[in-house]
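The values are calculated or read from the model by the stated rules, or taken from the named source; none is laboratory data. This structure is a prediction, so every number in the text was calculated from the model and none was measured. Note that we place each Cβ from the backbone using ideal geometry, even for glycine, and neighbour counts take in every protein chain shown. We work out accessible area using only protein heavy atoms, side chains counted, and drop any ligands, DNA or RNA first. Shrake-Rupley method; radii C 1.70, N 1.55, O 1.52, S 1.80 Å.
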Amino acid sequence: MYAATTVLGGTGTGLMGFYLGLGFAMVMRKLFGYPDLWERDLCLSVGYVFGLVGWVLGIGLWGQWAREWFGMKTYANGAQGWQRYFTFCTDHKVIGIQYMVWFVVVFLAAGFMAMLMRVELAQSGMQFFNHDQYNAVMSLHGILMVAVAIAAVIGGFGNYAVPLMIGADDMAFPRLNALTFWLVPPVGIMLLATPFLGGLEAGWTAYPPLAVQTESAQTLFNLALMTFGLVSILGGLNFIVTVIYLRAEGMTWSRLPIFVWAMFLTAILALFYTQGIFVALFMVLLDRIGGMSFFNEANGGDPLLYQHVFWFYSHPAVYIMVLPGFGVALELLTHFSRKPLFAYRYAVGGLIGIVGLSGVVWAHHMFTSGMPNYLHPPFLVATELISIPTGLVFLAGLGTIWMGRVWLQTPMLFALAVLFNFACGGVTGIFLADVPTDIHLQDTYFVVAHFHYTIVGGEIFALFGGIYYWFPKMTGRMYNERLGKIHFWMMFIGFNVTFFIMHLPGIQGMNRRIADYPSEFDNINMVISIAAFFLGSSFLVFFYNIIWSWFRGPAAAANPWRARTLEWQTSSPPPHDNFESPPVIKGHPYDYGVPGSVHATFPMGAAHAPAGGGGGGGGGGGG
Amino acid sequence: MAVAAPAMHHKGPDRTAINRLGLWLFFFSESLIFALLLSSRFFLEGLNIPLKHGSDEQAVDQVLGLAITVILLLSSVTAFTGETAFEHGRKRLGHWMILATIVLGLIFAGGVAYEWKTAHFTRGEAFGTVFFTMTGVHASHVMSGVIMLGLVWVQALRGKYNEKNHWPVSGVVMYWHFVDVVWVFFYPALYLV
């Protein structure tokens, strides 16, 4: 049982590391002459770091990689079939599915928390939770969903589809890729453990001074998120090098599929800005366990420093979330409109423009924070400027559907919903970017509604569209189209009713993040809760469809969508090295309906097929 | 290290170029950590360096700061000499130069530790917070560099590297230069402003 020994072994070395860390911390405290050896947050932090190192070493880093740093031979990963998914497997397709399954499970858990919040919020007064429990669930819903939004599309589709779409046989650093994924489970488990270890009080943004002073599981939250930052950084690094160096022959930058462009640009954002949240959380950690004064005003610190550093990452982070969503949506729109992607170069330019502007708008989250007033106009203007590149991307989408032969399969419905939802999110964003209206709307449910329209409406809809689109490629089986459409309409209607109505109490000043509210908002909150439950139930349909189809669905063809990009020119699922013979790119990926156009050929394919036919091409023949 | 990539048949690009780009991107990313810490120093404390209690002397030890800076910059010279020695197949010189880099790095870290021990400010006040954090984060990078140099040194003694295959040496030396360049920004911000 290769899978069981790997996971249990990693858990074992992780626990050993944890206790080693506790002991190390206490010995060091003894040596430095502290009177008490046990200081909860400090000792547990050292234990966490040692435990994390032990976990990744045990899961396969030691055997498959680290041994060679000491001049020893590494072991090969002997797992086959489903067991690969529970080992340190370097195949990008395995890693993509690992990310996808992991984050869909986390998505459902965090979505269930949202349902619990709506139970509490259905009526004013406190019925279901007490205030601490509500804070813990609200914080956890926020941070888990942020994690899903950041890593599900990048980790899942990015890993699975990007090497296939550029004609590579794997990522540039396959072992780093496996290491990156195996940092994720500790993050999820630690975050899910916080309610049992003191809860969270400070929300997903974790502002000091509360985050420094609280007795809750804030330290664990910081450590887990810093680990997650490492996942983003290392993943981003890998994507950039892969796209630069491993493109197939003839895959010029102007022939790159739009999803690959979006992933490449997202990776640049993730690589650079993620250090911002790393530093912000590190400072809070030092204040908490190191007795420092970054945010302690009495000793010369300043809580505003946290907000600047935090939003310096966390605003670009919304583009880390939404750019891959745009990429998936444009990809789907062009395949299912059977038309070339409209204004491809302008769409790429728009994506680049978003990346360029994303780093100079962060303080629009801080208009009411007390920062100097002279900072308001530049950040207002920079924020509004972002609507220009975003508009280019948006118009490219609309122009692609225009006069196209729209094929309304489930993935296409989700892609169209992205356009609709993101338009709504963009319009409400204007009120939050303008200082006068923002001062009124700050910290109300209007912000919650706007944020969900952009991220859920813009990215999570694209995520689900992508799941349906690539499902046959990933699993080799077809999902149920009727159930897919039922899921879409339930999700679309439930989502729009919930979050459109949520703007209204927000305009009237109903505060976000607070478990109770004035009873005059009772009726409207009941409506929101009912719509939210309807939205939540749509995922049961999704779950049933995916699980059933994965095991019992009909076998999928190699190219069920008759799409032109490279990942569909190999079997479903693809063989270990992706292509029977290396592809050579001859033309643009999206030239649907252009006579005589070819995207890729496999010049060695005919000669190569008989020799390599036994090497895993069976699925291709079956399609 | 460079050869053992099983079951992969990369066509054009060579692994060293890929590794080198990966390392540069890592530096690009890390530089933001240091940039944000540097900005925090000026955000919280401006150009202030506190004075010793009851005197008009600065609380930081200028002689010590200058000394460890010179030592760290010298270590970059030895690291570079070591790398080029391996490139030209002069293994003996390479071994000694890597060892010299390790020793200089340890002296630097010892100097930082001495400055911490004798500091005239506490970590509870704002200047102490930024001083200890910046020097601490930097010194931990120096120490990780020392550990990696140590691993490379052991492998070098076992004759693993030659003119064609010395990427691990080059990679660690690049990292060492990066950590040095960070100190070139940190030193004036903490001692000289």
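Points to keep in mind about this one:
- Selection count where residues are within 23 Å of A:W204 (Cα to Cα), open to solvent by 10 Å² or more (accessible area, probe 1.4 Å) and in contact with a strand residue (DSSP E or B) (Cβ under 9 Å, 6 or more places away or on another chain), scope the range A:440-486: 2
- Scope the range A:542-558; condition under 14 Å from A:H487 (Cα atoms) and more than 22 Å from the chain's Cα centre (by Cα); matching residues: A:Y544, A:N545
- Residue within the range A:270-280 that is out of contact with any Ser or Thr (no Cβ under 6 Å at 6 or more places or on another chain), among the hydroxyl-bearing types (S, T, Y), more than 24 Å from A:L179 (Cα to Cα) and in contact (Cβ under 8 Å) with a residue 40 or more places away in the chain present: no
- Residues of the range A:244-260 satisfying the condition of being open to solvent by less than 30 Å² (accessible area, probe 1.4 Å), under 23 Å from A:F326 (Cα atoms) and of a type outside the set (V, I, T): A:M251, A:L256, A:P257, A:F259
- Every residue from the range A:232-273 that is within 11 Å of chain B (Cβ to nearest Cβ) and of a type outside the set (A, V, I, L, M, F, W, C): A:S232, A:G236, A:N238, A:T242, A:Y245, A:R247, A:E249, A:Y273
- Flag if A:L42 is open to solvent by 20 Å² or more (accessible area, probe 1.4 Å), in contact (Cβ under 8 Å) with a residue 60 or more places away in the chain and over 29 Å from A:I547 (Cα atoms): yes
- Scanning the range A:378-398 for residues that are under 21 Å from A:P324 (Cβ atoms) and open to solvent by less than 60 Å² (accessible area, probe 1.4 Å) gives A:I386, A:P389, A:T390, A:G391, A:V393, A:F394, A:A396, A:G397.
- Here A:Y19 fulfils each of the conditions (1) hydroxyl-bearing (S, T, Y); (2) open to solvent by less than 30 Å² (accessible area, probe 1.4 Å); (3) at pLDDT 95 or above apart from (2).
- Considered as a group, the residues in the range A:50-98 that are within 23 Å of A:M16 (Cβ to Cβ) and polar (S, T, N, Q) include one that is nearest to the chain's Cα centre (by Cα), and that residue is A:T87.
- Subset of the range B:81-96 that is over 10 Å from B:E163 (Cβ atoms) and among the hydrophobic types (A, V, I, L, M, F, W, C) - its residue that is surrounded by the most Cβ atoms within 10 Å (Cβ to Cβ): B:A85
- Hey, A:A563 at pLDDT 90 or above, in contact with a strand residue (DSSP E or B) (Cβ under 6 Å, 6 or more places away or on another chain) and either away from every other protein chain (no Cβ under 14 Å) or farther than 13 Å from A:H335 by Cβ (or both) or not: no
- From the list A:A558, A:A515, the one residue that fits, being of a type outside the set (S, T, N, Q) and not assigned by TED's automatic domain parsing to the domain that holds A:L416, is A:A558.
- Qualifying residue in the range A:217-225 (condition: under 17 Å from the mean Cα position of the chain (by Cα) and either open to solvent by less than 20 Å² (accessible area, probe 1.4 Å) or at negative phi (or both)): yes
- Criterion (touching a Lys or Arg at 6+ places or on another chain (Cβ under 8 Å) and either in a helix (DSSP H, G or I) or not aliphatic (A, V, I, L, M) (or both)) met by exactly one of B:A100, B:A109, B:A79, B:A85: B:A85
- Any hit, the range A:504-517, residues being part of a helix (DSSP H, G or I), open to solvent by less than 40 Å² (accessible area, probe 1.4 Å) and more than 26 Å from A:L332 (Cα to Cα): yes
- Residue match in the range A:152-162 (condition: more than 13 Å from chain B (Cβ to nearest Cβ) and of a type in the set (S, T, N, Q)): yes
- Count of the range A:196-214 residues which are touching a residue at least 60 places away in the same chain (Cβ under 8 Å) and either in a loop (DSSP other than H, G, I, E, B) or open to solvent by 50 Å² or more (accessible area, probe 1.4 Å) (or both): 11
- Exactly one residue among A:G301, A:G325 is in contact with an Asp or Glu (Cβ under 7 Å, 6 or more places away or on another chain) and either surrounded by fewer than 24 Cβ atoms within 10 Å (Cβ to Cβ) or more than 17 Å from A:V231 (Cα to Cα) (or both), and that residue is A:G325.
- Some residue of the range A:171-180 being in contact (Cβ under 8 Å) with a residue 12 or more places away in the chain, within 27 Å of A:L44 (Cβ to Cβ) and open to solvent by 10 Å² or more (accessible area, probe 1.4 Å): yes
- Test: residue in the range A:99-115 that is farther than 30 Å from A:G23 by Cα, away from chain B (no Cβ under 14 Å) and either in contact with a strand residue (DSSP E or B) (Cβ under 7 Å, 6 or more places away or on another chain) or not hydrophobic (A, V, I, L, M, F, W, C) (or both): yes
- Only a single criterion out of (1) in the same structural domain as A:S254 (by TED's automatic domain parsing); (2) surrounded by fewer than 21 Cβ atoms within 10 Å (Cβ to Cβ) is not satisfied by A:N545, namely (2).
- Only one of B:T118, B:T129, B:T122 that is open to solvent by 30 Å² or more (accessible area, probe 1.4 Å) and within 11 Å of another protein chain (Cβ to nearest Cβ): B:T122
- Any hit, the range A:105-114, residues being among the aromatic types (F, W, Y), open to solvent by less than 30 Å² (accessible area, probe 1.4 Å) and not assigned by TED's automatic domain parsing to the domain that holds A:V184: no
- One residue alone among A:G229, A:G188, A:G167 is out of contact with any Asp or Glu (no Cβ under 6 Å at 6 or more places or on another chain), assigned to a helix (DSSP H, G or I) and within 14 Å of chain B (Cβ to nearest Cβ), and that residue is A:G229.
- If you go through the range B:24-50 and keep only what is of a type in the set (A, V, I, L, M, F, W, C), at the interface with another protein chain (Cβ under 8 Å from one of its Cβ atoms), out of contact with any Leu (no Cβ under 6 Å at 6 or more places or on another chain) and open to solvent by less than 40 Å² (accessible area, probe 1.4 Å), you end up with B:L32, B:I33, B:L36, B:L37, B:L44.
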